[in-house]
Every structure is written in structure tokens, then in C-alpha cells.
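Notes follow the structure.
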Amino acid sequence: MQVFANRQASGFKARAERPSRISRALVPVVHAVAAETKQVGPDGRTLRRSLNQTGRYVRQPTNDPTSQVKMDEHGVGYSTSGLVAQMRTLNNLWKEGDVTVKLAKAYGYCWGVERAVRMAYEARMAHPEKKVFVTNEIIHNPEVNSRLKEMNIEIVEDEGKGKDYSMIGSGDVVIFPAFGATVQELTDFKEKGVQMVDTTCPWVAKVWNSVDTHTRKQYTSVIHGKYSHEETIATASFASNYIIVKDLKEAQYVCDYILQGGNRDEFLSKFSKAVSEGFDPDTMLDRVGLANQTTMLKGETEQIGKMLEKTMLTKYGPAKLNEHFLLMETICDATQERQDALYEMVADPDIDMMIVVGGFNSSNTSHLQEIAEHKGLASFWVDSAARIDVEKNVILHKLAHGELKETTGWLNPGKPVTIGITSGASTPDRAVEEVLHKVFKIYNPNFAGVAPKECGRVATPDEEH
């Protein structure tokens, strides 16, 4: 085995993923000049403050060492001694025989996701005798969710008829996942008398604050996201009036309607699952504010912001723009950094193919695969190493827009290859290590694994300040 010797300090990847105190707008920030009016719709900030007053609400990790040991044992935290940890100390490069691997500069677990998993483990350790529930998958990763189930943490999922919380009673422990929970869920569990553990990512909470501002100032929230995604469902619940647009095409349709009007029935039919109850496009699109699902493509959110700004500028003029358009910074640094790192990687002429590792229901991972596909690179998206058959050299992988595909002979043993690899923000390092181990095994049946070497823990924002 040969490795590259260009070393750099480990622990870089979690930096700068905490919400910044400095606003960095997508397009020039505009501040509403209209006076704030009486709150109409849900008052999210008051609700969240009231949770703190119950004495049954936890929203910060305790950094319990016993939980850390269990996370390391289960492989659901940052790698400290495995292949990925060693690559971090070697400029994100590794060479194993004919296989050269380049790891994206930003990849895998973000701070908010690792924090959520940590808090779930801590909840189990703190309440060993109690029933513990999660109101949805804690994150979009099958291995992590499977580990929680092994620890007798029950995941309540919507099987198509809505979630059934009837089995949860006073004294039980309820964990809100990284995507957050709806206003109704927060209210109901507050009244049920349960112990609440809120692992909502601070970036998601930042979006909620923006939507709450829209509601307070009587703007309609235009949410760039997927209407069925858990995070967007939670975000929309904090808005009084909202419309969810999934892409530039839908955003353009809304902008055209604002400027030119159109067929109201057609509009409501098109967005039937993506608007607030009683939504009226003829009266509720004269004042709009932009928000986003944190895992959407950064570039698209920026473009939608510019489209809305231009639309309102055209319709109302510069003097009244601030009365009709409100923009606050809500793009997640972690999502942005992983996308930017992949754009850089796919531009590398040495890369022969890409591997993307992450849950098949992970929105941010799908966008990483999309970036590679748009570049024209052969790219294989897997949710775990179980999708790779070493003996047959077959991989079952997913395309960006949903198709599951089986490819035989996806690797060519004996022919040198340079593979770029990245992973979604809900993907622990061990998942990447297990995928690469199978790649090396296909090239060399005698490959016996990478010897562990302690490389230290990844620095988190809390540790750095």
C-alpha cells in the first residue's frame, strides 16, 4: 500500500457550519419598511420559548462521554482512526494499488446532523428505562436509523395515513429530528407532558425565524423546497400564508402570475399540495418573502431570489420594492460547502468516475449526484456498501431523479482509475469507508482492509470557540 505524503491538519470539515451572525444575502438584502402588524397565524417564536419554560425540553447536547463511546462503536459519528480519518491527514488522497481516491474537500456529516445523532444517543443513555420515540427518521441515513431501533428508540413514520402518536404518553421521551417538527406537533407534545429532546438543526431553526418574520410582517412565504419533505412541512407550519416551489420552472410560473395574472383555477390546481389553506394567488402574492429548504441547490435558491426581486421591482418600482419583497439569508453553509466542493471535484480532469454515498431519500445527496450527472461523469450513488456485489462486480445505484439501476462491470480491475468520492450531510464516515473497502476488494481480492490509526477527533464549532 502506498499513500500520498502531503499532510494537512485534520478537523477542518466541520468548521464554519454554524449559522453565522453576519447576514450574507443571496441578492441585496432589503428590509421591510412597513410597520409590523399584529401577528396573524402561528406565533412560532412564542411557542418555542414556551417549550423552554416546561422544564421538560432539551435542545443542546451534553457531550456525554458514554454516548460518544457508543457512537464510535456503532460507527455513526466522525471517523477517528479509519480510512476517512487517515485521508483527512493526507490532503484527502489515498492510493491502493491501481485505485487512486480523491475525497471531496467538504463531505459527509455536517455539524447539525452529527449533533442530532449525538442528542438521540444521549437521550437513550439519560433515560434507559423510559420509552423513547422519534417523530420521524432522525436523519436520512438507513444505518443510523437502524442503530437507533436497535437501542429501542421507536421511529414514528407516516405510512400514508398520517402519523399515529396515540401510543405516546406522559413521561415518555420524544425526540424531534434534525429536520424539525411542525407547530402542531410541538404544541401537542408540550400538552402531553412528555420529555422533549429537540435536535432540530440550528440552520433549519434559522429558516423558521425567517418565515416567522414573514408572518409577523404579513408577507407570503415563498419556500424553495419539496412540499413532501419533512423539513419543508415543518417550515411551512410556521407560516401564515405560503407557496412551495420546487424549481426554477415553478418559480417562473409564480413570477409570471404576479406580473400578468392568469388562470386562478389552473394555478391552484398546479400547487394544490404546495400552498397554505385558503390560498388566493390574486391577493396573497403582492408581498412575498423568500425562504428555503436547507438542502436545496444553492444556485437555484439564489436565482429564485433574483427572479422574485426583479418581478417585484418591475411591478411596483424601486421606491416600493421593500414593501413587496423581503429576503433573509437562509442557505445552509454545510449544504453549500458540499455542493461547492463537488463542483470543484468534477472539474478535475484526473477524475474518471464519481461515487456518491448517502441515503436514497436524502435531498442534499440527490443534489450531489445531480451535479456529477450534469457534468457528464459516470457517477454511482449508493446508500450503503450493501449495494455493491464484490464477486460479481455489480452495483445497484440510484440516479439523481429517482431511477434505481443495476450496472455490471462498473469497475475494470487491472486498469488504473482515479475515483472521486463524496457523501451527503447525513452520511457517517464509516459508510464511505465500507464502500471504498469493497472497491479495493474488487481490484484486489486479497485486500484485507486498512489498518486503524488514531488521527484525532474532528473539531466542532463548540470546541473551536
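If you go through segment 73-91 one residue at a time, do you hit one that is more than 18 Å from Val435 (Cα to Cα) and outside the structural domain of Thr422 (by the TED database)?
Yes, that holds for at least one residue.
For segment 278-296, the tally of residues that are of a type outside the set (Val, Ile, Thr), over 15 Å from Glu231 (Cβ atoms) and under 25 Å from the mean Cα position of the chain (by Cα) stands at 2. The set of residues in segment 295-323 being of a type in the set (Val, Ile, Thr), crowded, with 19+ Cβ neighbours inside 10 Å and assigned to a helix (DSSP H, G or I) consists of Thr301, Ile304, Thr311.
When the strands (runs of 3 or more DSSP E) confined to segment 78-141 are screened for residues that are of a type outside the set (Ser, Thr, Tyr) and closer than 30 Å to Glu230 by Cα, those reaching at least 3 such residues are found at 132-134.
For Lys130, the requirement of being open to solvent by 60 Å² or more (accessible area, probe 1.4 Å), within 21 Å of the chain's Cα centre (by Cα) and at pLDDT 95 or above is not met. Considering segment 188-242 alone, what residues qualify as being open to solvent by 40 Å² or more (accessible area, probe 1.4 Å) and of a type outside the set (D, E, K, R)? Listed by number, the residues that qualify are Asn209, Gln218, Tyr227, Ser228, Ile233, Asn241, Tyr242. If the condition is being polar (S, T, N, Q) and either more than 10 Å from Cys455 (Cβ to Cβ) or without any contact (Cβ under 8 Å) to a residue 60 or more places away in the chain (or both), then segment 78-101 contributes Asn91, Asn92, Thr100.
Filtering segment 391-411 for residues that are in a strand (DSSP E or B), hydrophobic (A, V, I, L, M, F, W, C) and under 22 Å from the mean Cα position of the chain (by Cα) leaves a non-empty set. Where residues in segment 145-187 are of a type in the set (Lys, Arg) and over 16 Å from Arg124 (Cβ atoms), which of them is most open to solvent (accessible area, probe 1.4 Å)? Per the stated criteria, the residue is Lys161.
The values are calculated or read from the model by the stated rules, or taken from the named source; none is laboratory data. Everything numeric here is computed off the predicted structure, so don't read it as measured data. Neighbour counts are summed over all protein chains in view; Cβ atoms, including those assigned to glycine, are modelled from backbone coordinates with ideal geometry. When the accessible area is computed, the model is the full protein with side chains, heavy atoms only, and any ligands, DNA or RNA have been set aside. Shrake-Rupley method; radii C 1.70, N 1.55, O 1.52, S 1.80 Å.
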